[in-house]
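The next block holds one structure in the form of structure tokens; read it before the comments.
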Amino acid sequence: MPEEEIPPGAEIAILEADLPTINHYRSMYLSKKIQPGSGGPCYLVFAGGKLFGFLIFQTYSTKGGDPGDLYMLSDFVVPSTRHPRLAKFLLMISLCREVKQLLDEKSIRAYKAIMTTAFTASPVSMKYRGIYELLKRGKTSEGKPFLNYRGEFGEQSIKEVTSAWMKRFNKPEKQPKG
């Protein structure tokens, strides 16, 4: 639920899912303009047993990136009134060593980084800023503006990432005075 809290020390779990399951959640949480996609592997991300995030990867590079890069087709979270930076948490998790290990084992290769694209006319995507590095601004052949981002896998564990997110982005809600 949007008002649910992720408590400090919540266990984070990442479970592989099939594409129809992910597309079901895409239709629930993303704009209706975003069509169900292809791709794989796909993952559901849980905090304290509650589903909050979704990751869809493409294990072969067709986007012109480095051969050691994996492409992330989609990353999204459930709406949250408690955690306005929940999307940043998912992105931080995407670069942790456990996710790298899952992806390396799934495709039998060693990835160095994740590339992704944000379709926006803004100069930066606040969601990716500070987590992924902006590589390129451009326009599609149809004239739609985009930003390419890249994040290198790190050595941080999921527990370390959770602790860092709690300290950096999970600020307590301000209570109204009076």
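Quick one: in segment 158-178, of everything that is farther than 12 Å from Phe89 by Cβ and modelled with pLDDT under 80, which residue is nearest to the chain's Cα centre (by Cα)?
Per the criteria, the residue is Lys171.
Just one of Ile114, Ile93 is touching a Leu at 6+ places or on another chain (Cβ under 6 Å) and not polar (S, T, N, Q); which is it?
After applying the criteria, what remains is Ile114.
As an exercise: evaluate Leu135 against (1) surrounded by 18 or more Cβ atoms within 10 Å (Cβ to Cβ); (2) modelled with pLDDT of 90 or more; (3) not β-branched (Val, Ile, Thr) and give the number of the one condition it does not meet.
For Leu135, the failing item is (1).
Can you give me the number of residues within segment 106-122 that are under 24 Å from Arg137 (Cα atoms), β-branched (Val, Ile, Thr) and open to solvent by 20 Å² or more (accessible area, probe 1.4 Å)?
Total satisfying the criteria: 2.
I want to confirm something. Restricting to segment 20-72 and keeping residues that are charged (D, E, K, R) and modelled with pLDDT of 75 or more, which single residue is nearest to the chain's Cα centre (by Cα)?
For segment 20-72, the residue satisfying everything is Arg26.
Go through segment 65-89 and count every residue that is closer than 24 Å to Leu19 by Cβ and outside any strand (DSSP E or B). Spell out the reasoning first.
Taking segment 65-89 first, the residues closer than 24 Å to Leu19 by Cβ are 65, 69-79, 86-87, 89.
Keeping just the survivors that are outside any strand (DSSP E or B) gives 65, 78-79, 86-87, 89.
Residues meeting the conditions: 6.
Any chance segment 159-178 includes a residue that's among the basic types (Lys, Arg) and closer than 25 Å to Arg26 by Cβ?
Initially, segment 159-178 is screened for residues among the basic types (Lys, Arg), giving 159, 167-168, 171, 174, 177.
Applying the additional criterion that residues be closer than 25 Å to Arg26 by Cβ yields none.
No: segment 159-178 contains no residue that is among the basic types (Lys, Arg) and closer than 25 Å to Arg26 by Cβ.
Just need a number here: residues in segment 65-105 that are over 17 Å from Gly154 (Cβ atoms), open to solvent by 30 Å² or more (accessible area, probe 1.4 Å) and in contact (Cβ under 8 Å) with a residue 60 or more places away in the chain.
5
Give the residues of segment 144-157 that are of a type in the set (Asp, Glu) and within 16 Å of the chain's Cα centre (by Cα), sorted by residue number. Don't jump to the end; show me each part of the working.
First, pick out the residues of segment 144-157 that are of a type in the set (Asp, Glu): 152, 155.
Glu152, the sole residue that qualifies.
How do the strands (runs of 3 or more DSSP E) wholly within segment 97-173 filter down when requiring 1 or more residues that are among the charged types (D, E, K, R) and under 22 Å from Asp69 (Cβ atoms): which remain? Let's see the steps before the verdict.
Values: elements: 113-118, 133-139, 145-152.
It comes to 133-139, 145-152.
I need the full set of residues from segment 1-19 which are open to solvent by 80 Å² or more (accessible area, probe 1.4 Å) and either modelled with pLDDT under 80 or under 16 Å from the mean Cα position of the chain (by Cα) (or both), in order please.
Within segment 1-19, Met1, Glu3, Leu15, Glu16 qualify.
Within segment 149-158, which residues are surrounded by 14 or more Cβ atoms within 10 Å (Cβ to Cβ), touching a residue at least 60 places away in the same chain (Cβ under 8 Å) and either hydroxyl-bearing (Ser, Thr, Tyr) or over 12 Å from Val99 (Cβ atoms) (or both)?
Arg150
The values are calculated or read from the model by the stated rules, or taken from the named source; none is laboratory data. No experiment lies behind these values; they were computed from the predicted model shown. Positions of Cβ are backbone-derived with ideal geometry, glycine not excepted, and every protein chain shown enters the neighbour counts. For accessibility, only protein heavy atoms count, side chains too; no ligands or nucleic acids. Shrake-Rupley method; radii C 1.70, N 1.55, O 1.52, S 1.80 Å.
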